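See structure below.
The values are calculated or read from the model by the stated rules, or taken from the named source; none is laboratory data. Note that the coordinates shown come from a computational prediction; the quantities given were computed from them, not determined experimentally. Backbone-built Cβ (ideal geometry, glycine too); neighbour counts: all protein chains shown. Side chains included, ligands, DNA and RNA excluded: accessible areas come from the protein's heavy atoms. Shrake-Rupley method; radii C 1.70, N 1.55, O 1.52, S 1.80 Å.
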Amino acid sequence: MKQFIKHMVRITYPALSWLLLPALLTIMVTIPTSEANRKTSKVPAVIVFGDSSVDSGNNNVILTVLKSNFRPYGRDFEGGHPTGRFCNGRVPPDFIAEAFGVKRSIPAYLDPAFDIDDFATGVCFASAGTGYDNATSDVLNVIPLWKELEFYKEYQAKLRNHVGVEKANHIIREALYLMSLGTNDFLENYYIFPTRRAQFTVTQYQDFLLGIAENFIRELYALGARKLSITGLVPMGCLPLERATNIFGDHACNDEYNNVALGFNAKLEKLISKLNRHLPQLKAVSANAYDILDDIIKRPSTYGYEEVEKACCSTGTFEMSYLCSDKNPLTCTDASKYVFWDAFHPTEKTNQIVSNYLIPKLLAYFR
């Protein structure tokens, strides 16, 4: 039953004192950064690859059940309109792009409301539900990572035609590339279906995914990318869906899943170091969000939260995508009191706190 439910509903920075960090991050939430950074930023565009943690609406126009282009998704976004972001508001690339003075939100490549003029300063190729493994994207018929790269190649051609070869090459070379994926490979694929478990131990599967990641980054580099931020896995055993299905563990976090995430992240750090050594001019950095989200989950009241185990939408246990409804009387009225928006995704407030934790490191590397 646990596997059936999941199948049906799914998807460092050197520390300041953890005691001071929540207050500092709260202050950062209220400080407008775009005007100050616009004058000094060397990043002309932000380009995004990944899954629902960074998707800004590409799933809206593909044949999949994994969509969020309806309320209550987007109810706290500008204008209160759902965009296809799996959140009540903005997602991390939006905050990062604003911090670099580029734009307040990153449009989805497949969104017909935008064109190459919009995409010249930022574009998102991410697709909710995808992973490194092609088998993961097949689960809910979403865009595989290789296809995201094909869209990027198409984008490059459009960009050169729009602004000219020299300027386009400058944008491609100096843009900040964000990658965020991997969670679905474990929670929607490896731990749900028997195929990969029959082929790989969990350690071997980590290595399999990182091999795909390395090939992808090398291809991206060959296409001109030089500035790359890579986010690994978060404490995926603490997502509301995992806690809700951890019946025999008294709905606590699933430590096995969290340990797998930590192991994957450690290997990802080594891969990033290796690629920085082997690829001239590459500046790749780990945007590790595990520690900050883990601290939020363990000490929610310190960050101003009232609920961490359950999400804002519906019952806050199993719901996401079409099961997340503002018609449900249990859907919360104030998402800022919740760490998670739906059973799988953080609220805008959490996204902003996590982004504010990562932004100083990114600015130091890439501005």
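If only one of 136, 130, 83 is more than 30 Å from residue 193 (Cβ to Cβ), of a type in the set (Val, Ile, Thr) and either modelled with pLDDT of 95 or more or open to solvent by 10 Å² or more (accessible area, probe 1.4 Å) (or both), which one is it?
Working: 136 fails: more than 30 Å from residue 193 (Cβ to Cβ); 130 fails: more than 30 Å from residue 193 (Cβ to Cβ).
Matching residue, one of 136, 130, 83: 83.
Every residue in region 202-243 that is among the hydroxyl-bearing types (Ser, Thr, Tyr) and either open to solvent by less than 40 Å² (accessible area, probe 1.4 Å) or within 29 Å of residue 175 (Cβ to Cβ) (or both), please. Talk me through it step by step, then tell me what you get.
Taking region 202-243 first, the residues among the hydroxyl-bearing types (Ser, Thr, Tyr) are 203, 205, 221, 229, 231.
Listed by number, the residues that qualify are 205, 221, 229, 231.
Which pairs have Cβ atoms under 6 Å, sit 6 or more apart or on different chains, and link a residue in region 102-116 that is within 24 Å of residue 359 (Cβ to Cβ) to one that is assigned to a loop (DSSP other than H, G, I, E, B) and among the charged types (D, E, K, R)?
none
Restricting to region 310-346, and then to whatever is hydroxyl-bearing (Ser, Thr, Tyr) and part of a loop (DSSP other than H, G, I, E, B), can you tell me which residue is surrounded by the fewest Cβ atoms within 10 Å (Cβ to Cβ)?
So in region 310-346, the residues hydroxyl-bearing (Ser, Thr, Tyr) come out as 314-315, 317, 321-322, 325, 331, 333, 336, 338.
Next cut, part of a loop (DSSP other than H, G, I, E, B) only: 314-315, 317, 325, 331, 333.
Values: 314: 23, 315: 15, 317: 20, 325: 15, 331: 21, 333: 7.
Here the residue is 333.
Any residue in region 261-277 that is under 17 Å from residue 293 (Cβ atoms) and open to solvent by 60 Å² or more (accessible area, probe 1.4 Å) sitting within a Cβ distance under 7 Å of a residue that is part of a helix (DSSP H, G or I) and not acidic (Asp, Glu)? List the pairs, counting only those 6 or more apart or interchain.
262/290
Table: residues versus (1) over 16 Å from the mean Cα position of the chain (by Cα); (2) under 23 Å from residue 253 (Cβ atoms).
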position	(1), (2)
283	yes, no
292	no, yes
299	yes, yes
342	no, yes
356	no, no
359	no, no
366	yes, no
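Report every pair of residues separated by at least 6 positions or lying on different chains whose Cβ atoms are under 7 Å apart, first residue within region 331-342 and basic (Lys, Arg), second surrounded by fewer than 24 Cβ atoms within 10 Å (Cβ to Cβ).
337/305; 337/306; 337/307
Among the residues in region 347-363, are any in contact with a Gly (Cβ under 6 Å, 6 or more places away or on another chain), buried (at least 16 other Cβ atoms within 10 Å of the Cβ) and of a type outside the set (Lys, Arg)? Can you show your working first?
Here is the first cut: in region 347-363, the residues in contact with a Gly (Cβ under 6 Å, 6 or more places away or on another chain) are 348.
Subset that is buried (at least 16 other Cβ atoms within 10 Å of the Cβ): 348.
Next cut, of a type outside the set (Lys, Arg) only: 348.
The answer is yes, given that some residue of region 347-363 is in contact with a Gly (Cβ under 6 Å, 6 or more places away or on another chain), buried (at least 16 other Cβ atoms within 10 Å of the Cβ) and of a type outside the set (Lys, Arg).
Only residues that are part of a helix (DSSP H, G or I), open to solvent by less than 10 Å² (accessible area, probe 1.4 Å) and at pLDDT 95 or above: list them for region 19-72, please.
Residues satisfying the conditions are 58, 59.
Please enumerate the residues belonging to region 239-281 that are farther than 15 Å from residue 186 by Cβ, at pLDDT 95 or above and charged (D, E, K, R).
243, 269, 270, 274, 277
Any residue at all in region 173-186 that's open to solvent by less than 30 Å² (accessible area, probe 1.4 Å), acidic (Asp, Glu), under 25 Å from residue 323 (Cα atoms) and not in a loop (DSSP other than H, G, I, E, B)? So that I can check it myself, show each step before the final result.
Our first condition is that a residue be open to solvent by less than 30 Å² (accessible area, probe 1.4 Å); within region 173-186, this holds for 175-186.
Checking which are acidic (Asp, Glu) leaves us with 185.
Okay, now just the ones that are also under 25 Å from residue 323 (Cα atoms), so 185.
Filter once more, so that each one left must be not in a loop (DSSP other than H, G, I, E, B): 185.
Yes - at least one qualifying residue is present in region 173-186.
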